[in-house]
Each structure stands twice: as C-alpha cells, then as structure tokens.
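Presented below is the structure to which this report refers.
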Amino acid sequence: MPIWNIGYRYGSGVNMDFILHELKMLKNMGLMRECRIIEGTQGPHVHIQGKPYISFCSNNYLGLANHAKIKQAAVEAIHRYGWGTGASRLISGNMMLHEELEKKIAEFKGTEAAILFPTGYMANLGALCTLVARGDIVIGDKLNHASIIDGCRQSGATFRIYPHKNMSQLESLLRKSSTFRRRLIVTDSVFSMDGDIAPLPDIVNLAKKYDAMLMVDDAHATGVFGQQGKGMIEYYSLEGKIDIIMGSLSKAVGSIGGFIAGSKCLIEFLRNKARSFMYTTALPPAVCAASLAGLTLIQENTSLIDTLWKNITGVRSQLAQFSNTIRVESPIIPIIIGSAEDALSLSLRLYKNGILIPAIRPPTVPPGTSRLRISLMATHTEEDIHTLTDTLRTCGFLTDKNPNDRGS
Ligand SMILES: *Cc1c(COP(=O)(O)O)cnc(C)c1O
C-alpha cells in the first residue's frame, strides 16, 4: 500500500504530518525518487528483479568496480589489515595504506601531496569550508556539483554564481571582488549532469589576473581525460597551475573515497583544519587497497581509457545519423527532455525495453531541463551501444534525418 494511504503510525505523529504532505507533493510533481536494487555485480549488464538490463547510468567508466585485480587487492588487505579502522585518521585510524594511497594520488596527479577523504562530497565540503570564510568570496559556475554548492554555502563566505562557462561574467564578478580578504574560484572540470567541459585555461588566466585561488573538481575527468587518465589538468597541460585539485575514487577508479591534491602546505593545512577529515572515521584499509589497485590499473593499462573513448566516439557517430542535436564531449551524454513527467515516462519506456537510464529531475537539474543522462563504460560492447540507439529510436526519441538532409 502506498505510504500516503497509511499515514503516520510511529511515535506520537504530532507535528510530523508535513512529511507525508511533502511526499505527496513530490509524487504529484513527478519528483518522487526510488532506489532500484541491483541484484548482482555492477557493470554494463545488471539484474533487477531477476531481469537483465543494459545499464547506461553508472560512473564506473572503466568497468573497474568489479575488476578481478581490485577485488583481489581488497581481499588481501582484509587478510593483512582487517576491516575497520576504529577512529579518525588523527586519533588512531591512520594506517599504512592510507599513507600509501595519498602518495600514489599525489604522484598520479603530479602534485606535491594529497589528502584522502571518505568521499568526494566530503573532500569538497572540507576544502571549501577551510579555504574561505566570512569576509571572503567564492565564485562558482552555475552548474557546479551539489557538493561544491553545499561547501560554498556552509563556508560562510559570500557566494556568487556566474552563468554556465560564461567567462566575461566571471571576470566581472572578479573585478568587483577586490574588497574581499580572499577570492576563490571553484568549478567542475567535466560537468556532472551535462557532460561538457569547463574552459580551464581561461579560468586559470582570470585567477592569475585577479589574484584568486582556483579549485577544480576533477571527479568525472580522473581516469577519463588525458592520455594517462590524469584528468583535465593533463588534457589541458595545466600541471602546476591549479591550486586545489579535487577528485573522487568512486567513479573511474572503481573504488570509493575523495581527495584533494596540491602543495604540501595546502595539504598540511587541510589535515589540521578540514572538519570532514578530522571528525570522521578513517576509511577501511581494504578500500585504500582497492583504490591503489584501480590507480595502478589506469597507469599500467591505457587501453582501458582508449576503449572508453572508442565507445564515446561510437555513440557520437551513431547519434549524428539522427536529426536530434545531442552534444557528446565526454562519457556523460545528456538527452534533454524538458518536464519531469516526460523524462520519467521516456525512462520507463526504456526500462520496459531492457535499458536502465533513470530520469534526472529537479533539484538535481534546473526546472524544465529534466533529462536522461547516459553514461558510457569501457565495458559496453558495440552491440550494447547499437541497442541503446535502436531503443531510443523505437521509443520515439530519436528521429531519422530527412533523407534530403543526409550529408548536408
Ligand atoms: C560524484 C561527484 C562528487 C562526489 O564524489 P563522491 O566520491 O561520489 O562523494 C563531487 N563532484 C562531482 C562533480 C561529482 O560528480
């Protein structure tokens, strides 16, 4: 029975009717969210309620989440170091694998040092709240990730937003910011719901010109962009030019965790001041072992990244056969639908045809831009990709080009 027919049954229920009321409103607006249960392992092919689906909605870009070497590294670490850590890093939770992983991240990103957080969300929160406070200004792109926005808000600094990738607006905000004690620019490198890329070289120049710190969230670029998968800094050859590099181990690396990479000074500062580092229990050592194995796999085997990009260009050329304009700049490919209801109903039609792509709705994206967000993996086969475009076509989303337009 749906919850709204049951009503409040637990506790006194007094003054808690608003919860039921708000849930009903979400349902009516097509904004109710549910967690589907993946029954086996993560990968391009998953099972839900016993049925097979092709998944196009995971950030497991290189297919490492279920890689034999990562599983083996985690199992060996459990045997050697146990599972739990029992305290925060600063009390007694710090173990050899945490230190080893931080060294490896710094080496991978080409920085002096790095600090590990339990998640990327906590890395953003911890860094932003430590670097700026009341009296400072933080300036961010309109489409920055929710964890950046939360960090900006919680920091207590003045928080200003420029329209997506709009450099003249960023400059105009910077020009007006000279009275603040400190200035910080923060941006995603690959935008998580749009899959497009920030103009980092321009942002680097503006940061320099206006004496602002620059923080880049490389969550979706790590293991995806740059010949060696080091991320957008490698792609744009900006080594040494970004003050604060944030990344996640939960996406292409196939594990879990977040980090900040940068100068030794910055990392020491965060170790002493970032509350989401100080007041939470250290990650299990086996998780660090899995991350270490993931980074090593990326370093030793660039063919993983090549295969991912082969799939990305494959989808791009298939989509070009249709009249819809869909931008493909990364493994994240948004299909903008508009209303939440329409996005939901297309998602459901795909689901009935064996394809898993949930609808992304407000507040994750602005109202009126609800979408299906396709994400590709290196482990998708050519056949998977054909099935995707064929199904989008039979579900009425992709329309054939007018034959007279072909090749024009
Ligand atoms: C996923 C994501 C995060 C958060 O990383 P987690 O490790 O999942 O907590 C931060 N920023 C961006 C842009 C992301 O896409």
Identify, please: which residue in the stretch 94-143 is surrounded by fewer than 23 Cβ atoms within 10 Å (Cβ to Cβ) and among the small types (G, A, S) and is, among those, nearest to G294 (Cα to Cα)? A106
Candidate set: the stretch 374-405, residues that are charged (D, E, K, R) and in a helix (DSSP H, G or I); chosen: the one nearest to N324 (Cα to Cα): R393
Can you name every residue in the stretch 154-167 that is over 21 Å from I197 (Cβ atoms), buried (at least 18 other Cβ atoms within 10 Å of the Cβ) and either within 15 Å of the ligand (Cβ to nearest atom) or of a type in the set (S, T, Y) (or both)? S155
(1) in the same structural domain as A113 (by TED's automatic domain parsing); (2) in contact (Cβ under 8 Å) with a residue 40 or more places away in the chain all hold for L292 apart from (1)
State which residue is surrounded by the fewest Cβ atoms within 10 Å (Cβ to Cβ) when the search covers only the stretch 59-85 and only residues that are of a type outside the set (S, T, Y) and in contact with a helix residue (DSSP H, G or I) (Cβ under 6 Å, 6 or more places away or on another chain). I78
Working only within the stretch 1-42, note down all residues that are in a loop (DSSP other than H, G, I, E, B), modelled with pLDDT of 85 or more and among the aliphatic types (A, V, I, L, M). M29, L31, M32, I37, I38
With respect to G262, determine if the residue is of a type outside the set (A, V, I, L, M), assigned by TED's automatic domain parsing to the domain that holds A114 and more than 16 Å from the ligand (Cβ to nearest atom). yes
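Residues checked against (1) under 10 Å from S276 (Cβ atoms); (2) part of a loop (DSSP other than H, G, I, E, B); (3) more than 16 Å from the ligand (Cβ to nearest atom):
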{"site": "N124", "(1), (2), (3)": "yes, no, no"}
{"site": "A133", "(1), (2), (3)": "no, yes, yes"}
{"site": "G140", "(1), (2), (3)": "no, no, no"}
{"site": "I149", "(1), (2), (3)": "no, no, no"}
{"site": "C152", "(1), (2), (3)": "no, no, no"}
Is it true that V224 is in contact with a Cys (Cβ under 7 Å, 6 or more places away or on another chain), within 16 Å of the ligand (Cβ to nearest atom) and among the β-branched types (V, I, T)? no
Select, from A282, A252, the only residue that is among the small types (G, A, S) and more than 15 Å from the ligand (Cβ to nearest atom). A282
Looking at D188, D150, D194, which is the one that is among the acidic types (D, E) and either outside the structural domain of P118 (by TED's automatic domain parsing) or surrounded by fewer than 19 Cβ atoms within 10 Å (Cβ to Cβ) (or both)? D150
Of all residues in the stretch 270-285, which are crowded, with 21+ Cβ neighbours inside 10 Å and part of a helix (DSSP H, G or I)? L270, S276, F277, P285
Conditions first: (1) more than 14 Å from Y61 (Cα to Cα); (2) modelled with pLDDT of 95 or more. L376 passes all but one, so which condition is the exception? (1)
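One line per residue, one yes/no per condition, for (1) out of contact with any helix residue (DSSP H, G or I) (no Cβ under 6 Å at 6 or more places or on another chain); (2) among the β-branched types (V, I, T); (3) farther than 28 Å from M122 by Cβ:
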position	(1), (2), (3)
K310	yes, no, yes
Q318	no, no, yes
T325	yes, yes, yes
V328	no, yes, yes
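The values are calculated or read from the model by the stated rules, or taken from the named source; none is laboratory data. None of these values were measured; they are calculated from a predicted model. We place every Cβ from the backbone using ideal geometry, glycine too, and count neighbours over all the protein chains shown.
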